Amino acid sequence: MDKDLEKLSAELEKLNQHRFVTVHNSILRLLAFQFARGLFFGLGSVLGATVVVSVLVYLLSQIDFIPVLGDLAQQLIDQIQQPE
């Protein structure tokens, strides 16, 4: 029983020294970490969606055998490229 308790104590000590736990021990560090994480997640989402939509619109504009889709995609491209 004492051996199990010592093993558990050693593992708990190892866990408390882990970088993740030490970073999140402070409320300010936790808030800063979560804020930065949210900023990067939002930026990555916007950039990723921009690339996907651009590729989709480009591919749709290349379709000539379906006139409706090709024309619709070309109108989208024209609107996107229009100066404000």
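The values are calculated or read from the model by the stated rules, or taken from the named source; none is laboratory data. Because the structure is predicted, anything quoted here is derived from the model rather than measured. With ideal geometry, Cβ positions are generated from the backbone for all residues, glycine too; neighbour counts draw on all protein chains shown.
Here are some notes:
- In the stretch 6-28, the condition of being hydroxyl-bearing (S, T, Y), surrounded by 10 or more Cβ atoms within 10 Å (Cβ to Cβ), at pLDDT 85 or above and in a helix (DSSP H, G or I) is met by at least one residue.
- Check on L39, over 16 Å from the mean Cα position of the chain (by Cα) and more than 30 Å from D78 (Cα to Cα): no
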